[in-house]
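One structure is given here, and the rest of the page talks about it.
The values are calculated or read from the model by the stated rules, or taken from the named source; none is laboratory data. Just so we're clear, the structure is a prediction, and the values are computed from it rather than from any experiment. No Cβ is skipped: glycine too gets one built from the backbone with ideal geometry, and neighbour counts run over all protein chains shown.
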Amino acid sequence: MSGAWVTFQKELLSYCTSPVSWFIGFVFYLWRGLQMYGTAWSFALYRGDQDLFAPSTYGLQSTFLMVMLVPGVLTMRCFAEERRTGSIETLMTAPVRDGEVVFGKWAAATAFFGLLWLPSVLVLQVLELPWFFDADLAFGPVFAAYLGMFLLSGLMLAFGCFASSLTDNVLLAAVLAMLFNFGLLSVPGQLRFYLGEHAENYYVRELLDKFDVMRNFGDWFARGLIDSSQVAFYAGGILFFLGLTTVSLSSRRIA
Amino acid sequence: MIRVRELSKRFGQTLAVDRISFEVARGEIVGFLGPNGAGKTTTIRVLTGYHAASSGTAEVAGHDVATASLAARRQLGYLPENVPIYPDLRVVEYLRYRAALKGVPWRERKAAVARAMAKAGVEDVARKLCGQVSRGYRQRVGLADALVANPPILILDEPTSGLDPNQRRRIKQVVRDLAAEHTVLFSSHILTEVEDVSSRILVIHRGRLRADGAPRALVAESAARRLRVAAACSVARLVEFVAATPGLEVVRSAPQPPDGASVEAAVAAGEGAARALGERLLAAGIAVRELAVELPTLEEYFHRITEGSDRQEELAHGAAEANA
């Protein structure tokens, strides 16, 4: 796995030194800060259930857009840029497995996405300050929500890597990833609505239940519940798309 | 070190490489020649494991590039035609990254990078961003990348492409210096530099291998030698002597004022035609002013076996269509 580790280090360094990454972080926290401020005051005014404060913050628009848009922006350059500049040739002819390169790039994107989320933990800490809100936030829901967010973004970043491996156009790769993310977040709920009673068919219901990320997120992770089938769903999805990315890259070696 | 057997590569309907076979022995510098689009880069990409062959086999240091691709790639240093380097990394950072990717152990990495930079002559731009170095340095950074893991085999695809004469000379010298420690396959369509650097050349055209041998030997064996003779006699008489000499075929003749003539003739493969003509002219009491056999240059040879074969193929194609 040394090839994956080397790729991970190089990619993470690229993310950390890219102005685009810092711009994303700046806009996200500016917007999120304003929304959190408003949400926190409303909780204070109405003496809201403080245990539900943390999960409710994940329903903010900033979270939705962060999850829908940013993974595509982070992964759009992964392979599309390498194809465009031709550096894919030196990368793929180095003595390293295609799968290691794919995993290293995905892990770096996921780690950087995690880094972007990390300061939001500090916001929760601030809310607990006695001279501020003196909130008593439950650790369980916060941890589970962050784990859920990590798994969901991991899945979206894995698809982003796959989209990036299909083209040498970085914008197209970003748009493909955003469409997938939008579809993942909204299509199962919409389908349930349009199918009406047909959605009650056992197989359709099971399928929609599995893929309805938004509902599952609210039902499980946001309530502090970690369901192994949910973890397996995301882990399987991540492996599936990383595998597809590897196949996509290796396809040039098919005679 | 490199063994290619009946290698073909097809992209859809296009046959880019057509059943080529060759070998490169340890310590050789072999020039891989061909016009643009001849199949050089495709062959090289198969050797480096970037593309798979459609049929045939290729081995690098005894490892099949299809079935033992990783092992084969560990033996290779590769410089692609358009050296793609990450513009946001410093040269030394880029080379450290490449060394790590190629599995150079952490403790040896610093020394390996320093050695590769010294060999390629990029120490003075080590702290510069890759995106800010000139094209010549870019090529040399690519060369340092190919050298950083100290592989026994180097494959350099058009290493002097787009460089000015001074940069070209520098790269050629570097490649020559590498011969002591590495086996080099060096592709180019610039004939003089291949002639300068390589001990052997392979000529590929339209995906087929047209020639394989030492540059001088190939040119010498060529049937395209020309004989020039000038003598103090009439044009008709000189033409008669040349035409009557076995192995010579008159190409053109001209009077040579005030009282002589000159004839240019194609010399068929084989020795002795020029000597026989000279002896016959002397025996007839004709003063010979010039008698020389001119070998074609590598450029003429290359032109003949590529353009010439094109014409033959076109003629054959035309004949086939006419028959149909």
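Below, the figures for the structure above:
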| quantity | calculated |
| --- | --- |
| Residues of the range B:57-71 satisfying the condition of being at the interface with chain A (Cβ under 10 Å from one of its Cβ atoms) and buried (at least 19 other Cβ atoms within 10 Å of the Cβ) | B:Val65, B:Ser69 |
| Some residue of the range A:147-167 being under 30 Å from B:Val65 (Cβ atoms), more than 14 Å from chain B (Cβ to nearest Cβ) and surrounded by fewer than 18 Cβ atoms within 10 Å (Cβ to Cβ) | yes |
| Qualifying residue in the range A:212-220 (condition: touching a residue at least 24 places away in the same chain (Cβ under 8 Å), outside any helix (DSSP H, G or I) and away from every other protein chain (no Cβ under 14 Å)) | yes |
| Matching residues in the range A:17-36 - criterion: being within 11 Å of chain B (Cβ to nearest Cβ) and either touching a residue at least 40 places away in the same chain (Cβ under 8 Å) or in a helix (DSSP H, G or I) (or both) | A:Thr17, A:Pro19 |
| Residue count for the range A:1-16, restricted to those that are touching a helix residue (DSSP H, G or I) at 6+ places or on another chain (Cβ under 6 Å) and more than 9 Å from chain B (Cβ to nearest Cβ) | 5 |
| Condition met for B:Leu129 (surrounded by fewer than 20 Cβ atoms within 10 Å (Cβ to Cβ) and under 20 Å from A:Ser87 (Cα atoms)) | yes |
| Hey, B:Pro105 modelled with pLDDT under 85 and surrounded by fewer than 19 Cβ atoms within 10 Å (Cβ to Cβ) or not | no |
| Residues satisfying the stated conditions in the range B:85-97, i.e. within 10 Å of chain A (Cβ to nearest Cβ) and touching a residue at least 24 places away in the same chain (Cβ under 8 Å) | B:Ile85, B:Tyr86, B:Pro87, B:Asp88, B:Leu89, B:Tyr94 |
| Evaluation of B:Tyr137 against (1) in a loop (DSSP other than H, G, I, E, B); (2) surrounded by fewer than 24 Cβ atoms within 10 Å (Cβ to Cβ) (one fails), failing number | (1) |
| Single match in B:Ala146, B:Ala114 (criterion: free of Cβ contacts under 8 Å to residues at least 12 places away in the same chain and out of contact with any helix residue (DSSP H, G or I) (no Cβ under 7 Å at 6 or more places or on another chain)) | B:Ala114 |
| Residue that is modelled with the lowest pLDDT [pool: residues in the range B:204-230 that are more than 30 Å from B:Lys9 (Cβ to Cβ) and touching a Lys or Arg at 6+ places or on another chain (Cβ under 6 Å)] | B:Ala224 |
| Unmet criterion (only one of (1) over 22 Å from the mean Cα position of the chain (by Cα); (2) closer than 20 Å to A:Tyr29 by Cα) for A:Ile88 | (2) |
| Hey, B:Ala100 within 22 Å of A:Val96 (Cβ to Cβ), touching a residue at least 12 places away in the same chain (Cβ under 8 Å) and either facing chain A (nearest Cβ under 10 Å) or surrounded by 20 or more Cβ atoms within 10 Å (Cβ to Cβ) (or both) or not | no |
